[in-house]
Amino acid sequence: MISFEQALSKILYLADKIDFEEVKLEESYSRVLAHDAISSRDQPPFDASAMDGYALNKIDKLPSKKLSVIGKVAAGNSFDGTVGKGQAVRVFTGAPMPKGTNSVLIQEDAEELENFITINQIVEKKDFVRKKGCDYKSGEILLQKGKILTSFDIALLASMNFPLLKVMKQPRVSIISTGDELVFPGNLPDSNQIVASNTYGLKALLTKWGATSHILPIARDNISSLEKAIDLAIPADLVITIGGASVGDHDYVNKVFNKINVKHSFYKVAMRPGKPILAGKNNNTIFVGLPGNPVSALVCAQLLLKPLIGKMLGTSELNNIEKKASLQNDLPKNGGRKHFMRAFFNNGYLEVSQKQDSSLLNVLQKANALVIRKPNEPPAKKGDLISYLDLD
């Protein structure tokens, strides 16, 4: 049995950064950028009016002054010629500033009559000009590779004139639930069966983390059924089995992994929940056997599979970041395994659930944090600063 830190290091060592592909900009949401996004021009590409009004030289922006309006320009057009002293040009928001002007008199500060304006006695002193390159300049790196693209990122990339983007390919994941006791949702379980739940929670997590996954038929508690399921699972970048990874008479995952020449990286981890977990690799496919209890499976996915997917995608944004907050209830001394305890974080405080059994999905659903207890850590008191991770 190895430590959690060793297990994380070993599982990350198995992963190689996957290839990239080109997609349309409108299809790039939540994908991982495979290259730096560098601007090819200034934005805006010219000095532009920020308001509807009159473009003029700021020395003429004086109360009660009368100016000759010599033209009009809207966004998408330009004014030919130069604006001289005592002159102005009617401009609209987004229009290029005419030559000879450096300020905009907003229309509320002027009275226009025929081809002249008279400036009001009270004048807004702002220039109302968006200077060339005030948003970003040509040659500037605006988004770095490894960025998980948000809606605002996509808007920025559109302004940079990127119709196509190079993004990392989505890791292909196959999920296999194991056990004679399981049925999929929608089926009527026998009196001695339960409905598979962690399979669907795991698929949702993988989708959130940027992988594409599919759920295979349940592998029954025999070697032949599990072998057939794994045959269906390949090709894949990652094959995940749920359950059957312990040492019971009906736990066949380790035996089948050995039979198909999966080179083991580790088997059993000193952590709670999630001791019976194993990982290895065969050719280019990573194999991970998760525990069968739903909380164990999903917490192990959060702790180990999330950063694994992140390494495949070449992004650090999926790393679990350890934080600290004040404890709201006392905790007893921890046992010999590192314990990740379901907790609720609110207003800077962490309340650790009294129920930590690895079968209790209802507790996990309410939790939004995992409090971290080191092996053999002494009791913690209310008010102590304690480490935790956010839960997806």
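The values are calculated or read from the model by the stated rules, or taken from the named source; none is laboratory data. Just so we're clear, the structure is a prediction, and the values are computed from it rather than from any experiment. Note: ideal-geometry Cβ built from the backbone for every residue, glycine included; neighbour counts use all protein chains shown. SASA here: full protein model, heavy atoms, side chains in, ligands and nucleic acids out. Shrake-Rupley method; radii C 1.70, N 1.55, O 1.52, S 1.80 Å.
Take Pro294 and decide whether it is surrounded by fewer than 21 Cβ atoms within 10 Å (Cβ to Cβ), under 29 Å from Ser30 (Cβ atoms) and in contact (Cβ under 8 Å) with a residue 12 or more places away in the chain.
Here the answer is no, as Pro294 does not meet what is asked.
Check the stretch 213-221 and report whether any residue there is touching a residue at least 12 places away in the same chain (Cβ under 8 Å), touching a Lys or Arg at 6+ places or on another chain (Cβ under 8 Å), of a type in the set (S, T, N, Q) and open to solvent by less than 30 Å² (accessible area, probe 1.4 Å).
Yes, there is a match, as at least one residue in the stretch 213-221 is touching a residue at least 12 places away in the same chain (Cβ under 8 Å), touching a Lys or Arg at 6+ places or on another chain (Cβ under 8 Å), of a type in the set (S, T, N, Q) and open to solvent by less than 30 Å² (accessible area, probe 1.4 Å).
Taking the condition open to solvent by 60 Å² or more (accessible area, probe 1.4 Å) and in contact with a Leu (Cβ under 9 Å, 6 or more places away or on another chain), does Phe46 pass?
no
Quick one: count up the residues across the stretch 326-343 that are under 27 Å from the mean Cα position of the chain (by Cα) and more than 26 Å from Ala7 (Cα to Cα).
1
Residue-wise test of (1) at pLDDT 95 or above; (2) more than 22 Å from Lys208 (Cβ to Cβ); (3) in contact with a Pro (Cβ under 8 Å, 6 or more places away or on another chain).
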{"site": "Leu304", "(1), (2), (3)": "yes, no, no"}
{"site": "Gly314", "(1), (2), (3)": "yes, no, no"}
{"site": "Lys324", "(1), (2), (3)": "yes, yes, no"}
{"site": "Pro332", "(1), (2), (3)": "yes, yes, yes"}
{"site": "Met341", "(1), (2), (3)": "yes, yes, no"}
{"site": "Leu350", "(1), (2), (3)": "yes, yes, no"}
{"site": "Lys381", "(1), (2), (3)": "yes, yes, no"}
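With respect to Ser353, is the statement that it is within 30 Å of His35 (Cα to Cα), surrounded by fewer than 20 Cβ atoms within 10 Å (Cβ to Cβ) and in contact with a helix residue (DSSP H, G or I) (Cβ under 8 Å, 6 or more places away or on another chain) true?
It is false that Ser353 is within 30 Å of His35 (Cα to Cα), surrounded by fewer than 20 Cβ atoms within 10 Å (Cβ to Cβ) and in contact with a helix residue (DSSP H, G or I) (Cβ under 8 Å, 6 or more places away or on another chain).
Hey, can you tell me all the residues within the stretch 154-188 that are without any contact (Cβ under 8 Å) to a residue 12 or more places away in the chain and either more than 18 Å from Leu216 (Cβ to Cβ) or open to solvent by less than 70 Å² (accessible area, probe 1.4 Å) (or both)?
Ala155, Leu188
If we only count strands (runs of 3 or more DSSP E) wholly inside the stretch 242-359, which ones have 2 or more residues that are closer than 18 Å to Asp392 by Cα?
Ranges flagged: 323-327, 338-346, 349-352.
If only one of Ser224, Ser191, Ser213 is under 23 Å from Ala7 (Cβ atoms) and hydroxyl-bearing (Ser, Thr, Tyr), which one is it?
Ser213
Within the bounds of the stretch 251-266, is there any residue that is charged (D, E, K, R) and open to solvent by less than 60 Å² (accessible area, probe 1.4 Å)?
Checking the stretch 251-266: at least one residue is charged (D, E, K, R) and open to solvent by less than 60 Å² (accessible area, probe 1.4 Å).
Just a yes or no: is a residue in the stretch 139-152 among the β-branched types (Val, Ile, Thr) and either closer than 16 Å to Asp60 by Cα or open to solvent by 70 Å² or more (accessible area, probe 1.4 Å) (or both)?
yes
Could you say which residue among Ile18, Ile11 is at pLDDT below 95 and in contact with a helix residue (DSSP H, G or I) (Cβ under 6 Å, 6 or more places away or on another chain)?
Exactly one of Ile18, Ile11 is at pLDDT below 95 and in contact with a helix residue (DSSP H, G or I) (Cβ under 6 Å, 6 or more places away or on another chain), namely Ile18.
When the stretch 98-114 is examined, which residues are found to be open to solvent by 30 Å² or more (accessible area, probe 1.4 Å) and within 49 Å of the chain's Cα centre (by Cα)?
If the condition is that a residue be open to solvent by 30 Å² or more (accessible area, probe 1.4 Å) and within 49 Å of the chain's Cα centre (by Cα), then Lys99, Gly100, Asn102, Gln107, Glu108 are the ones that fit.
Against the definition (out of contact with any strand residue (DSSP E or B) (no Cβ under 8 Å at 6 or more places or on another chain) and modelled with pLDDT of 95 or more), how does Gly94 come out, yes or no?
So Gly94 fails the test.
Just name the residue that is most open to solvent (accessible area, probe 1.4 Å) out of those in the stretch 317-349 that are charged (D, E, K, R) and under 19 Å from Pro273 (Cα atoms).
The residue in question is Lys333.
Which of the residues spanning the stretch 57-87 are under 12 Å from Val123 (Cβ atoms) and either open to solvent by 50 Å² or more (accessible area, probe 1.4 Å) or of a type in the set (Asp, Glu) (or both)?
Lys58, Asp60, Leu62, Pro63, Ser64, Lys65
Can you pull out the residues in the stretch 251-267 that are under 24 Å from Arg220 (Cβ atoms) and touching a residue at least 40 places away in the same chain (Cβ under 8 Å)?
Residues satisfying the conditions are Tyr252, Val253.
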